[in-house]
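Take a look at the structure set out below.
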Amino acid sequence: MRKSGVPTSLVMLLLGGVMAAGCSSDPSTPEEKKAKAETLLKAMSVSLAGAKTLTVDTVETRDRVRAGGQKTVENSTRTIAIRRPDGAYYRITSDLRDTEAWYDGKRITLAMHKDKAWARGPMPDTLDAALDFMATEYAINMAAADLFYSNPYESYDPVASKGGWVGRETIDGATCHHLSFEATEVNWELWLADTPQALPCRIKIVYKNDEGSPASQLTFKNWNLTPTLAADAFTAKVDEGYERLYMVRAPTAEPVDEAAAQQSDPAAEPAKQ
């Protein structure tokens, strides 16, 4: 074979560039970028909505805005377990708090271990309604909550938001698609694994209408869409001697029947451990 006189390494580099250009399917226009983002969000939604139970861990950073606008950052870790349609659990730990929460389809129970206190309040009987209720009635907000609705795609509503696919990034050694959107009340970014399931790698939300525009960022680890959960995984367990506190509810414009029915039921003591 006749030698061309061109170094082999240069030939390979040129061929690689041609092949990459020919095989690339990355979007280039705003319309294509938004369409790609919607496709990825739908794939993620199918994966998460199809899981009857799931578990995941998160590493979180959260801005806390003090009077005067000064920001501090809380670093925390969280363990989450979900059972559709009526079970949820999480435990969040940081220098500031160590809190467990159990939702069993009737009530939410919180155990604040650093304060040696617990509280309980009525809840709707489905996870979708419970996630709404926690935010509106008890001001318990989780940046990842939208992922656990029965249709996460609708929760993010990309059609009504401005933005789309940004590119690919590596998070904890995994290639992830970076999506970025601007909505009326928040700006949000979501990184989805470059796999058919498109599970979340990371999420960042900026609450731009709140004082100081605080941000929350969660990095997801150890997704399991078929976990074996203990029979009592969503049964509250509170240590002996914890002080009972009472949850303060905001007035509701349209009372939730399931929750209202629970108010007249004096909450039984949680299981002690």
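The values are calculated or read from the model by the stated rules, or taken from the named source; none is laboratory data. Remember, it's a predicted structure, so these values are computed and weren't measured experimentally. So basically every Cβ, Gly included, is an ideal-geometry build from the backbone, and we count neighbours across all protein chains shown.
Contact map, the stretch 112-123: residues that are at positive phi paired with residues that are surrounded by fewer than 18 Cβ atoms within 10 Å (Cβ to Cβ) and in a loop (DSSP other than H, G, I, E, B), Cβ distance under 7 Å, separation 6+ or inter-chain. Pairs shown: LYS116/GLY241; LYS116/TYR242.
Identify, please: which residue in the stretch 46-71 is within 25 Å of ILE171 (Cβ to Cβ) and loosely packed, with under 14 Cβ neighbours inside 10 Å and is, among those, modelled with the highest pLDDT? Across the stretch 46-71, the extreme among qualifying residues is GLY50.
Within the stretch 105-120, the set of residues being surrounded by 19 or more Cβ atoms within 10 Å (Cβ to Cβ) and out of contact with any helix residue (DSSP H, G or I) (no Cβ under 8 Å at 6 or more places or on another chain) comprises THR109, LEU110, ALA111, TRP118, ALA119, ARG120. Only one of the numbered conditions (1) at pLDDT 90 or above; (2) over 19 Å from TRP118 (Cα atoms); (3) surrounded by 15 or more Cβ atoms within 10 Å (Cβ to Cβ) is not met by ALA236, and that is (2). Among the residues making up the stretch 169-203, those that are free of Cβ contacts under 8 Å to residues at least 24 places away in the same chain and closer than 16 Å to ALA145 by Cα are VAL186, ASN187, GLU189, TRP191. Here ASP125, ASP57 are screened, and the one residue that is more than 15 Å from the chain's Cα centre (by Cα) and of a type outside the set (Gly, Ala, Ser) is ASP125.
Please count how many residues of the stretch 165-207 are of a type outside the set (D, E, K, R) and under 29 Å from LYS71 (Cα atoms). Matching residues across the stretch 165-207 total 21. The set of residues from the stretch 52-72 being touching a Pro at 6+ places or on another chain (Cβ under 9 Å) and aliphatic (A, V, I, L, M) comprises LEU54, VAL56, VAL65. Is at least one residue of the stretch 131-140 assigned to a helix (DSSP H, G or I), surrounded by fewer than 20 Cβ atoms within 10 Å (Cβ to Cβ) and under 17 Å from the mean Cα position of the chain (by Cα)? Yes, because at least one residue in the stretch 131-140 is assigned to a helix (DSSP H, G or I), surrounded by fewer than 20 Cβ atoms within 10 Å (Cβ to Cβ) and under 17 Å from the mean Cα position of the chain (by Cα). All of LYS208, LYS204 fail the test of being surrounded by 14 or more Cβ atoms within 10 Å (Cβ to Cβ), of a type outside the set (A, V, I, L, M, F, W, C) and either in contact with a helix residue (DSSP H, G or I) (Cβ under 7 Å, 6 or more places away or on another chain) or not in a strand (DSSP E or B) (or both), apart from LYS208. When the test is whether a residue is touching a Gly at 6+ places or on another chain (Cβ under 8 Å) and acidic (Asp, Glu), ASP125 passes it. Take the residues in the stretch 60-94 that are charged (D, E, K, R), under 21 Å from the mean Cα position of the chain (by Cα) and assigned to a loop (DSSP other than H, G, I, E, B); name whichever of them is nearest to PRO124 (Cα to Cα). In this case the residue turns out to be ASP86.
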